[in-house]
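**Q** Handing you this structure, nothing more for now.
The values are calculated or read from the model by the stated rules, or taken from the named source; none is laboratory data. Keep in mind that this is a model prediction, so the values were computed, not measured. Cβ: placed from backbone, ideal geometry, glycine included. Neighbour counts: every protein chain shown.
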Amino acid sequence: MRPIHSISICIAIGVLPFQSIHAKEQEGLQRSEALDSLIACRSIADNAQRLACFDRETAAFAEAESRGDVIVANRSDVEKARVDAFGYSVGDSALLKNKDGNSLNSITSTIASASRSSSGKYRMVLENGSVWQQVDTIRLRYDPAPGLDIEIEKAPFGSFSAKVKGQRIIKVKRVD
């Protein structure tokens with residue numbers, strides 16, 4: 001299980017070069033000065049000066065990355081972070097949106113383990129380690145069990161609904 005602060009690191013970073021300019025403008029994100037300086041080297045006409053610029057700015061960019069001022073991530077890593085953060089109240093940052101600027105509204109996963117409390121409510125651990133607790137009292141025909149597919153969607157007023165193996169919808173909340 002991941003603590004919330006490891007997921008929050010995605011929100012605290014200064015740049016993700018793959019993020020679209022449009023999304024950055026909408027959310028007020030700023031591209032790193034180190035990346036801007038590196039990109040500016042392309043406009044130098046003289047080959048020797050351009051190479052010197054690339055050498056200098058590449059070194060500066062690498063230094064900024066080693067200090068943690070810049071984080072470079074693959075789209076797949078960002079998508080995994082989006083899924084891992086789903087269900088937490090982390091705001092509507094462009095860093096957690098897909099390349100088209102859309103927020104994640106649902107996830108589909110597999111149940112890794114499941115149990116039922118003494119009050120009859122289900123507690124499900126998904127394959128990504130997230131833990132979801134049922135908040136309503138609806139009983140399912142078949143109890144959630146390891147290996148079953150689950151779809152969790154955002155619902156009105158900050159709530160979430162889950163559908164286990166195509167059964168009735170139950171209301172859930174993320175507890176870890």
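**Q** Could you list all residues from the range 86-119 that are touching a Ser or Thr at 6+ places or on another chain (Cβ under 7 Å) and modelled with pLDDT of 75 or more?
**A** Hit for the range 86-119 is Gly87, nothing else.
**Q** What is the residue count in the range 120-146 for residues that are touching a Ser or Thr at 6+ places or on another chain (Cβ under 8 Å) and among the aromatic types (Phe, Trp, Tyr)?
**A** Residues flagged as touching a Ser or Thr at 6+ places or on another chain (Cβ under 8 Å) and among the aromatic types (Phe, Trp, Tyr) within the range 120-146 amount to 1.
**Q** I'd like the full set of residues that are at pLDDT 95 or above and of a type in the set (Val, Ile, Thr), limited to the range 165-176.
**A** Listed by number, the residues that qualify are Ile169, Ile170, Val172.
**Q** Looking at Pro17 and the list (1) part of a loop (DSSP other than H, G, I, E, B); (2) modelled with pLDDT of 80 or more, which single condition is not satisfied?
**A** Going through (1) part of a loop (DSSP other than H, G, I, E, B); (2) modelled with pLDDT of 80 or more one by one, Pro17 breaks only (2).
**Q** Would you check which residues across the range 153-165 are surrounded by fewer than 13 Cβ atoms within 10 Å (Cβ to Cβ) and free of Cβ contacts under 8 Å to residues at least 12 places away in the same chain and list them?
**A** The answer is Pro156, Phe157.
**Q** Just wondering, is there one or more residues in the range 106-127 that are over 19 Å from the mean Cα position of the chain (by Cα), buried (at least 17 other Cβ atoms within 10 Å of the Cβ), among the polar types (S, T, N, Q) and over 30 Å from Gln30 (Cβ atoms)?
**A** So far as the range 106-127 goes, no, none of its residues is over 19 Å from the mean Cα position of the chain (by Cα), buried (at least 17 other Cβ atoms within 10 Å of the Cβ), among the polar types (S, T, N, Q) and over 30 Å from Gln30 (Cβ atoms).
**Q** Continuing with the same structure: If a residue must be of a type in the set (S, T, N, Q), touching a strand residue (DSSP E or B) at 6+ places or on another chain (Cβ under 7 Å) and over 21 Å from Ala155 (Cα atoms), how many such residues does the range 97-127 contain?
**A** Residues flagged as of a type in the set (S, T, N, Q), touching a strand residue (DSSP E or B) at 6+ places or on another chain (Cβ under 7 Å) and over 21 Å from Ala155 (Cα atoms) within the range 97-127 amount to 3.
**Q** On to the next question. What number goes with the only condition from (1) in contact (Cβ under 8 Å) with a residue 60 or more places away in the chain; (2) among the β-branched types (Val, Ile, Thr); (3) closer than 30 Å to Gln30 by Cβ that Val131 does not pass?
**A** With respect to (1) in contact (Cβ under 8 Å) with a residue 60 or more places away in the chain; (2) among the β-branched types (Val, Ile, Thr); (3) closer than 30 Å to Gln30 by Cβ, Val131 is out only on (3).
**Q** Quick one: in the range 105-123, which of the residues that are aliphatic (A, V, I, L, M) and touching a residue at least 40 places away in the same chain (Cβ under 8 Å) is farthest from Glu79 (Cα to Cα)?
**A** Ile111
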